[in-house]
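Below is one structure, written out as structure tokens; comments come after it.
Since every read-out is calculated from the coordinates, none of them should be taken as a lab result. Keep in mind it's a predicted model, so treat the numbers as computed, not measured. Please note: Cβ atoms are built from the backbone with ideal geometry, for glycine as well, and neighbour counts cover all protein chains shown.
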């Protein structure tokens, strides 16, 4: 869709009707989508996101009439970089890398039967050198490709990727931080209102009394 203009380009904001069923709302240069905007196509599909001289370029979401969609990075009209792609025909969701319009690289694929694949993929090259872990209701399998054909075997515990403890670690330090902040606030308020010395004094007296009674 990229168009060359001999005249000086001017960035504008507005609506564009191309007369072929395609309709655009957003930023443009002399009638060519450029910047951020939404294009609705004649077949009912639409794209909303970033444009560069008429091409999808940057970050954006493209939705097809059947409900399939892609959301992520684009480069000159092609899916390129990190993205998510949902296919309505098999209700699968792909999350991972794209290269020059194709799925390629590290990814996670979720299927409608609950199965999940985590690994690498490169369909354009018969998945040469790709491998991963396939999680199903029947078990966990490690997978790889030989001459374009999928090979599988039951995965051992050592084959599985390590479980991340980052979120637990983060929550632990968050709780510690909250406790420290609360302690500092309590200490400052206690000193200011002379509550803190009284509190410790009462605590000490009560503890002594309890201990004496216990020994008797």
Go through the range 114-131 and count every residue that is more than 20 Å from the chain's Cα centre (by Cα), surrounded by 17 or more Cβ atoms within 10 Å (Cβ to Cβ) and not in a loop (DSSP other than H, G, I, E, B).
-> 0
Among the residues of the range 144-161, which ones are assigned to a strand (DSSP E or B) and over 25 Å from residue 81 (Cβ atoms)?
-> 144, 146, 149, 150, 151, 152, 153, 154
Within the range 100-112, can one find any residue that is within 18 Å of the chain's Cα centre (by Cα), within 25 Å of residue 161 (Cβ to Cβ) and part of a loop (DSSP other than H, G, I, E, B)?
-> yes
